[in-house]
Amino acid sequence: MEPTLDVVGVGNAIVDVISTVDDDFITAHSLNKGAMTLIDADRATSLYAAMPPGIEASGGSAANTMAGLASLGSRSAYLGKVRDDQLGEVFIHDLRAAGVGFDVDAGADGPPTARCLIQVTPDAERTMNTFLGISAFLSPNDIDDSLVASAAITYCEGYLWDMDIAKEAIRGAMAVAAEAGRTVSLTLSDSFCVDRHRDEWLELLADKVDLVFANEAEICALFETEDFDSAADQIAQLVEVSALTRSAAGSVVVRGDERIVVAAAAVDAVVDATGAGDLYASGFLHGLANGADLARCAELGGIAAGEIISHIGARPHVGLASLV
């Protein structure tokens with residue numbers, strides 16, 4: 001059966017709170033600069049109170065990718081969990097307004113909707129402190145099998161792997177996609193996330209994943225090496241296609257012995273790196289769903305990432321279709 005959707009994303013449904021700070025703020029609050037750190041409700045409350053005014057907008061890695069896909073003109077949908085609270089309503093509204101299909105029932109009890117407190121320093125590096133709330137409790141019952149089977153590509157977010165019930169949900173979605181003959185993709189999300197789940201992910205990549213997304217730090221962490229070329233060679237033995245980003249150096253697409261190097265899109269200035277990897281995945285997946293070759297997929301990824309790093313926030317400020 002022909003797919004009726006291009007991509008369905010599975011991830012943590014999170015509202016982002018983004019503020020610009022200096023490095024002294026990072027030090028004063030003992031933050032792990034450049035990484036995503038999981039925090040509890042009390043830490044979320046105190047850190048939120050200390051942050052200067054900023055932007056509050058729906059986020060979450062896979063949700064950002066699906067919004068980018070919709071902006072490019074692809075048919076995307078999302079599976080994630082929010083609570084029936086104010087932030088949950090904001091998340092649902094924002095995602096649907098972006099053109100993404102989202103029809104998961106909000107939870108009537110349990111933890112509140114997740115939020116990610118993001119500090120952007122003058123070097124455009126983003127430090128993320130995430131309270132996962134109810135998003136981490138996405139369960140197999142929240143996975144719409146018919147929706148997954150209808151999508152050409154299922155895109156799963158590595159950040160979601162920190163709870164056993166969410167792992168079951170991802171594994172279930174991957175199994176449905178594979179049974180329907182669709183492409184299964186995974187983003188490694190964060191090098192610290194890789195460290196937490198390395199053994200499980202190596203097994204998952206070898207057996208269940210067709211396409212993997214990672215940045216240089218993440219792919220090197222996966223194989224515990226500082227040699228990017230060595231990491232690229234090793235991932236080629238596990239996954240059919242790997243899209244590996246290298247910041248200003250662009251990206252490398254790995255398929256068997258093939259290495260496709262694509263330069264980064266030119267930008268006037270890097271304002272905020274939040275969402276760069278998410279939007280790179282948007283462009284790449286848009287190209288793949290529309291039959292583009294791998295070099296063009298990577299080029300589209302670079303264009304989408306270039307737009308997102310030119311402003312604060314992880315959702316496009318212009319229609320990405322107009323740029324490509």
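The values are calculated or read from the model by the stated rules, or taken from the named source; none is laboratory data. Predicted, not measured: the structure shown is a model, and the values here were computed from it. Cβ atoms come from the backbone with ideal geometry, glycine included; neighbour counts cover every protein chain shown.
Some observations on this one:
- Residue among V194, V184 that is under 18 Å from the mean Cα position of the chain (by Cα) and within 28 Å of V270 (Cα to Cα): V194
- Scanning region 147-182 for residues that are among the aromatic types (F, W, Y) and part of a strand (DSSP E or B) turns up just one, Y155.
- Residue within region 152-165 that is over 15 Å from the mean Cα position of the chain (by Cα), crowded, with 16+ Cβ neighbours inside 10 Å and over 26 Å from C116 (Cα atoms) present: yes
- Of all residues in region 49-80, those that are of a type outside the set (A, V, I, L, M), modelled with pLDDT of 90 or more and either surrounded by fewer than 19 Cβ atoms within 10 Å (Cβ to Cβ) or more than 30 Å from N290 (Cα to Cα) (or both) total 3.
- Of everything in region 206-235 that is in a loop (DSSP other than H, G, I, E, B) and in contact with a helix residue (DSSP H, G or I) (Cβ under 7 Å, 6 or more places away or on another chain), the residue that is nearest to R196 (Cα to Cα) is F223.
- Pairs with Cβ under 8 Å, 6+ apart, first in region 249-262 and touching a residue at least 12 places away in the same chain (Cβ under 8 Å) and buried (at least 20 other Cβ atoms within 10 Å of the Cβ), second of a type in the set (K, R) and not in a helix (DSSP H, G or I): V252/R246; V252/R259; V253/R259
- Complete set of residues in region 150-165 that are touching a residue at least 40 places away in the same chain (Cβ under 8 Å) and either farther than 18 Å from V100 by Cα or touching a helix residue (DSSP H, G or I) at 6+ places or on another chain (Cβ under 9 Å) (or both): A151, A152, I153, T154, Y155, C156, E157, G158, Y159, L160, W161, D162
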